[in-house]
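Accompanying notes for the structure given below.
The values are calculated or read from the model by the stated rules, or taken from the named source; none is laboratory data. Only a predicted model underlies this, so the values are computations on that prediction, with no experimental measurement involved. Ideal geometry is used to build each Cβ from the backbone, glycine not excepted, and the neighbour counts take in all protein chains shown. Protein only, heavy atoms only, side chains kept; ligands, DNA and RNA dropped before computing areas. Shrake-Rupley method; radii C 1.70, N 1.55, O 1.52, S 1.80 Å.
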Amino acid sequence: MADPIDSALDLLRRLNPKDVKQNVDHIIELNPSLEEDLLESVDIPLSVKKCSQTKRDFLCCDYNRDGDSWRSPWSNNFEPPIEEGVTPSERIRKMEIKANEAFDVYRELYFEGGISSVYLWDMDDGFAGCVLLKKAVKGGSWDSIHVFDAQDRARTAHYKLTSTVILSLGTESDALGSLDLSGNMVRQVEQDMAVEDDGSHVVNIGKMVEDMELKMRNLLQEVYFGKAKDVVGDLRSIPPLSQTNRDRQTQREMISSMNR
Amino acid sequence: MSRTSALSAFVESAPPGELGDVTKAIKNILGDDAVTHELAPAFEKYNEEQFSLVKLPGSNAEVIVSAYNSLGDGRYYDTESATSFAYDHTAGVGSDARSYTVESENKELLNALVKSLRSHGSEHYPAYHIGAYPTTSDTQIALLTVASKYSPANYWNGRWRSSYLFTPSASTLTGTIAVDVHYYEDGNVRLLTKKEVNTKVGGRGGAADVVKAIAQAERAYQEDLNKAFGGLAEGAFKSLRRQLPITRQKIEWEKISGYRLGQDIGGGRR
């Protein structure tokens with residue numbers, strides 16, 4: 001029998017992706033031993049909190065959470081405040097500030113709105129982090145969750161990036177009825193890149209995330225508007241099939257007569 | 001939410017052709033094979049709503065299971081072959097076939113509708129099944145079409161369902177068209193649509209007129225659906241994230257601190 005966590009992930013890959021948060025909660029109720037693994041490996045749409053010090057919105061995930069509080073990347077304080085919440089070392093926090101500034105520019109250039117947050121944390125042989133982006137418009141929302149770690153080597157670092165994009169689109173009208181096209185896609189990449197100083201890390205991560213999002217955006221476009229539409233066309237044909245079959249037959253006859 | 005209702009919600013949300021996978025995952029998460037008994041009502045609901053197919057006992061023909069051809073006590077009937085059968089919703093197996101004659105004031109119309117609906121189906125659905133059953137105390141006729149295509153090796157499955165109620169006395173046709181597509185290679189993407197149809201049947205309200213109205217509604221819907229894909233791609237999708245910044249160049253990350261918001265960015269955007 002398969003491992004229950006594999007079955008839980010398989011189930012979540014099949015059920016309506018729109019209900020992922022609720023489905024995760026239900027699976028945990030049914031089998032509480034899966035809680036930690038599920039919360040770690042399943043991405044759900046990001047929630048938003050306001051930083052009371054800077055009045056700026058920031059994004060929440062498992063990586064900036066301590067109990068029921070979330071750390072703001074803008075002030076380094078927890079919302080709501082807690083005693084001795086876990087914060088990064090001074091060196092990593094400095095890099096985190098730089099990364100947040102850089103991805104704020106990235107967010108404006110690509111999303112022209114929305115919210116970004118970057119969180120970094122210390123590791124034994126380097127550091128790890130996540131880059132979060134979220135935007136909602138009428139008829140849709142986009143959540144990017146990029147989780148990475150960077151292992152320091154001599155003059156280079158080895159980066160491992162796992163990216164999830166959650167894209168929900170929907171429309172409703174009298175003529176069309178209701179249409180919901182929602183889901184998520186996940187991709188991974190590993191790369192060695194040159195490192196001079198901590199500034200290089202921000203540059204390297206920036207490039208990796210930018211390349212990954214470009215790739216994923218193209219992939220989402222293909223799946224959402226190409227594949228989904230093609231499958232509908234496979235289920236039902238607008239032109240009569242007898243016509244299509246006759247055309248194919250004529251085509252075959254032409255080809256075979258040319259080969260003669 | 002109770003355990004049973006959480007599990008039933010999982011079953012209800014199973015994508016086309018994946019009920020078996022969903023059930024297997026549920027058993028494994030709970031470590032309990034006997035859970036299928038608890039899920040029996042959910043399976044019944046799923047099968048009737050999704051127009052699940054069952055092989056007629058002693059035949060190769062597959063027929064629809066729905067609320068419209070239910071005889072109660074787990075038995076259903078097929079109009080065309082004039083057969084009734086028992087259906088085990090958990091195992092997905094039919095048994096105990098008996099001859100069954102449909103009683104209806106509209107028997108002739110019903111038989112003609114089966115023929116017309118079938119010929120319409122064969123013109124537009126590469127793989128389909130239909131059903132026609134008298135309903136609502138014999139004042140209406142339910143007309144069902146289900147077309148599924150499964151390609152698990154390529155990580156996609158899809159289903160088109162349409163169900164209509166034709167009222168002969170008023171020549172009206174009401175119903176729903178629903179499309180469900182699942183794509184799950186390195187992700188999980190789902191298309192779910194629903195469209196209400198409400199139309200008047202032209203001509204004398206004969207079988208050909210009814211199916212003509214259905215054909216028109218379905219064609220118009222598929223065309224609207226194709227347009228909607230284009231609209232979402234050009235609309236919401238584009239306004240969520242650009243493919244490249246307005247400068248059409250990737251970011252120069254080495255110089256990122258030199259980008260000034262509102263100026264370098266977007267070159268003076270509105």
List, in order, the whole-Hz ³J(HN,Hα) value for each residue of the range A:186-202 obtained from phi through the Karplus relation with A = 6.51, B = -1.76, C = 1.60 and θ = phi - 60°; use x for Gly and Pro. 10, 9, 10, 8, 10, 7, 9, 9, 5, 9, 9, 8, 5, x, 4, 4, 4
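I'd like the FRET efficiency for B:K250 and A:R155, computed as 1/(1 + (r/R0)^6) with the beta carbon distance as r and R0 of 22 Å, rounded to 0.05. Please report the intermediate quantities before stating the final value.
On the way: r = 24 Å, r/R0 = 1.11.
So, using R0 = 22 Å, E works out to roughly 0.35.
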With a Cα-only, solvent-free Debye model of the range B:3-99, what are the log10 I(q)/I(0) values at q = 0.13, 0.20, 0.22, 0.23 Å⁻¹? -0.45, -0.94, -1.07, -1.14
The rounded separation in angstrom of the Cα centers of the range A:185-260 and the range B:163-194 is 26
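Give the B-A buried accessible area in Å², both sides summed, 1.4 Å probe, nearest 100. Don't skip to the answer; put the middle values down first.
Working: alone 16450 and 16510 Å², together 25130 Å².
That pair hides around 7800 Å² of surface in total.
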Any chance you could check the range B:189-210 for residues losing 40 Å² or more of accessible area when the partner protein chains are in, compared with the chain on its own (1.4 Å probe)? B:V189, B:R190, B:L191, B:L192, B:K194, B:K195
Can you list the HN-Hα couplings for the range A:29-34, worked out from phi with the Karplus curve (6.51, -1.76, 1.60; θ = phi - 60°), rounded to whole Hz and with x for Gly and Pro? 4, 6, 9, x, 5, 8
Degrees between helix B:207-232 axis and first principal axis of chain B (Cα, 0 to 90, nearest 10): 10
With angles folded into 0 to 90 degrees, how steeply does helix A:4-14 sit against the dominant principal axis of chain A? Use alpha carbons for both and round to 10. 50
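Mind listing which trypsin sites (Lys or Arg not before Pro) in the range A:117-185 are in a DSSP loop and have 15 or fewer other Cβ atoms within 10 Å?
Working: sites: A:K134, A:K135, A:K138, A:R153, A:R155, A:K160; in loops: A:K138, A:R153, A:R155.
Taking the range A:117-185 and a limit of 15 other Cβ atoms within 10 Å, the loop trypsin sites (Lys or Arg not before Pro) found are A:K138, A:R153, A:R155.
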Using the Karplus curve 6.51 cos²θ - 1.76 cosθ + 1.60 with θ = phi - 60°, work out ³J(HN,Hα) for each residue of the range A:131-145 in order, rounded to whole Hz, and write x for Gly and Pro. 10, 10, 9, 8, 9, 10, 10, 5, x, x, 8, 10, 10, 10, 10
Using 0.36 nm times the number of residues separating A:D37 and A:D211, minus their current alpha carbon distance, what extension gain do you get? 59.8 nm
Report relative contact order for the range B:109-240 in percent, whole number only (criteria: Cα-Cα under 8 Å, sequence separation at least 6). 17
In the range B:12-39, which residues give up 50 Å² or more of accessible area once the other protein chains are added, compared with their chain alone (1.4 Å probe)? B:N28, B:I29
Quick check on chain B: take the gyration tensor over C-alpha atoms, sort the square-rooted eigenvalues as a ≥ b ≥ c, and tell me if it's rounded (a/c under 1.5), prolate or oblate. oblate
May I ask for the longest run of chain A untouched by GluC sites (Glu not before Pro) that are loop-located per DSSP and have at most 11 neighbouring C-beta atoms (other than their own) within 10 Å? A:85-195
What helix-only [θ] at 222 nm does the protein assembly as shown give? Using -39500 (n - 2.57) per DSSP H run of at least 4, over all residues, to the nearest 500, the answer is -11500 deg cm²/dmol
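Can you tell me how the protein assembly as shown classifies by the Cα gyration tensor, rounded, prolate or oblate, using a/c under 1.5 as the rounded cut?
Details: a/c = 2.50, a/b = 1.86, b/c = 1.34.
In terms of gyration-tensor shape, prolate.
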Search the structure for amide H atoms under 5 Å from the amide H of A:D66, placed 1.01 Å from N in the peptide plane, and list their residues when 5 or more places away or on another chain. A:R71
Along its three principal axes, how long is chain A when you only count alpha carbons? Whole Å, largest extent first please. 79, 45, 45
Mind grabbing the base-10 log of I(q)/I(0) for the range A:88-233 at q = 0.10, 0.18, 0.21 Å⁻¹? Debye formula, identical points on the C-alpha positions, no solvent, two decimal places. -0.41, -1.03, -1.30
Accessible area in square angstrom per residue, chain B, 1.4 angstrom probe: 46
Contact-by-burial set, the range B:124-152, min loss 10 Å², accessible area of protein heavy atoms with 1.4 Å probe, reference chain alone, gives B:H124, B:Y125, B:P126, B:A147, B:K149
Give me the accessible area of B:Y77, 1.4 Å probe, in Å² rounded to the nearest 10. 10
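Calculate what fraction, in whole %, of the accessible area of the protein assembly as shown sits on carbon and sulfur atoms when a 1.4 Å probe is rolled over the protein chains.
Values: 11970 of 25130 Å².
Carbon-and-sulfur percentage of accessible area, whole number: 48.
Near B:T176, within a Cβ-to-Cβ distance under 13 Å, what is the net charge of the other residues, with Lys and Arg +1 and Asp and Glu -1? Kindly include the intermediate steps, with their values, before the conclusion.
Working: positive: B:R161, B:K194, B:K195; negative: B:E49, B:D180, B:E196, B:E218.
That sum, taken over residues with Cβ under 13 Å, equals -1.
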For chain B, modelled as a Gaussian network with Cα springs under 10 Å, which listed residue fluctuates most, B:P245, B:P57, B:P41? B:P245
Given springs between every Cα pair under 10 Å in a Gaussian network model of chain A, which of A:D122, A:D66, A:D37 has the largest fluctuation? A:D37
Degrees between helix B:107-124 axis and first principal axis of chain B (Cα, 0 to 90, nearest 10): 30
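For the range B:109-240, what Kirkwood radius comes out of the mean inverse Cα-Cα distance, in Å?
Numbers: mean 1/r = 0.0619 Å⁻¹.
Final number for the Kirkwood radius of the range B:109-240 is 16.2 Å.
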Would you work out if the range A:6-79 is rounded, prolate or oblate? Take a ≥ b ≥ c from the square roots of the eigenvalues of the alpha-carbon gyration tensor; rounded if a/c is under 1.5, else prolate when a/b is larger than b/c, oblate otherwise. prolate
Using a 7 Å offset from Cα along Cα-Cβ at B:E185, what residues in the range B:137-167 end up with backbone N under 16 Å from the label point? B:150-158
Separation between Cα centres of the range B:54-116 and the range B:220-249, rounded to whole Å: 44
